[in-house]
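Note sheet for the following structure.
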Amino acid sequence: MASTYTPLGVELMATGENAGTWGTKTNNNLSLFEQLTGGFSTVSIAGGAQTTALTVIDGSTTGTAQYRMIEFTGTITGNQIVTIPLDVETFYFLRNSTSGAFTVQFKYVSGSGTTVTFTATDKGDKLLFAAANDATNPDIKEISLASPPGGSDKQLQFNDNGSFGGITMGTAGQVLSTDGTTASFTDPTAGGASWQAVKTGSFNAVAGEGYFVNTTSGVITATLPGSPSLGDFIAFVDYARTFDTNAFTVGRNGNPIAGTAADLTVSVEGAGFTLVYVDGTQGWLIKDL
């Protein structure tokens, strides 16, 4: 009986098969395991509107779909589609490092299952699960911030011990920032915002301003502008590290927040972030966390 292969190309050797080459094939499988669990690859999708098929090569480490993290690169001049074979079941870290204001859709090679798309302005990262949950119409599922059961408010989730991803909490008034490699709490910089005196009650937020919000005495709501323009931004910082005790709510005032028609409720101690308005579909997007 000949060897068979898993959907990700791992060779399953039959009894008595591959005499004299068993060790070589085992080492190749181990190399493939390492690549599947922690490997990184770049894939150029440069060019006009097109479909790029990521591949699985049985018994080989050369398949473009056989990596844990994949970074898309190149200058794109049209909307892109990136596909994987129908039977692939795994999760991916994807990074969109392309230049050009066009979408990048990640999907199975065929079928009507769910897909995940980087918007034309989204040059960031996504964590996805390729479910292989149907032979003809499998789904690609994006792993995202959770919403409270039965509700529509969005929350930023930190660990019970006051950390997130191993990051130690900062001091009052500091914000969580990153240099692209590591994240830490730092003192806020102006960043172009006109910083206002500490807010201790609900208020109407103004584009271009930054607010230190003190919820020590109770919950506070900041109402966003009702008629924002492209590029308008507003910054918020947890002044007294009390968002976990008394939540801070950002009222959407008729516009979406991150594409959702719901107010943003933040209950994370020490949170600091900026909202930037893009359009009527996505509304206000979170720029920094």
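Every number in this text was worked out from the coordinates using simple rules, so none of it is lab data. Source: prediction; values computed, not measured. All Cβ positions, even for glycine, are placed from backbone atoms using ideal geometry, and neighbour counts span all protein chains on display.
The table that follows gives values for the structure above.
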{"read-out": "Equivalent-ellipsoid semi-axes of segment 1-145, from the Cα gyration tensor, Å, largest first", "value": "31, 16, 13"}
{"read-out": "Surrounding net charge for residue 114, when Lys and Arg each add one and Asp and Glu each subtract one, Cβ distance under 11 Å", "value": "-1"}
{"read-out": "Lysine pairs with alpha-carbon atoms under 30 Å apart, segment 4-142, spacing 8 or more or separate chains", "value": "5"}
{"read-out": "Dipole magnitude (debye, nearest 20) for segment 4-105, charges at Cβ of Lys, Arg, Asp, Glu", "value": "280"}
{"read-out": "Per-residue ³J(HN,Hα) for segment 91-99, Karplus 6.51 cos²θ - 1.76 cosθ + 1.60, θ = phi - 60°, Hz, x for Gly and Pro", "value": "10, 10, 9, 10, 10, 9, 9, 6, 10"}
{"read-out": "Formal net charge of residues neighbouring residue 127 (Cβ-Cβ distance under 13 Å; K, R +1; D, E -1)", "value": "+2"}
{"read-out": "Under 5 Å, built H, 5+ apart or other chain: amide partners of residue 287", "value": "274, 275, 276"}
{"read-out": "Peptide ranges 76-83, 221-228 listed from the most packed, as the mean C-beta count within 10 angstrom indicates", "value": "76-83, 221-228"}
{"read-out": "Rounded, prolate or oblate (a/c below 1.5 giving rounded, otherwise prolate when a/b exceeds b/c) for segment 191-239 by Cα gyration tensor", "value": "oblate"}
{"read-out": "Computed E for residue 203/residue 114 - FRET, C-beta separation, R0 45 angstrom, nearest 0.05", "value": "0.70"}
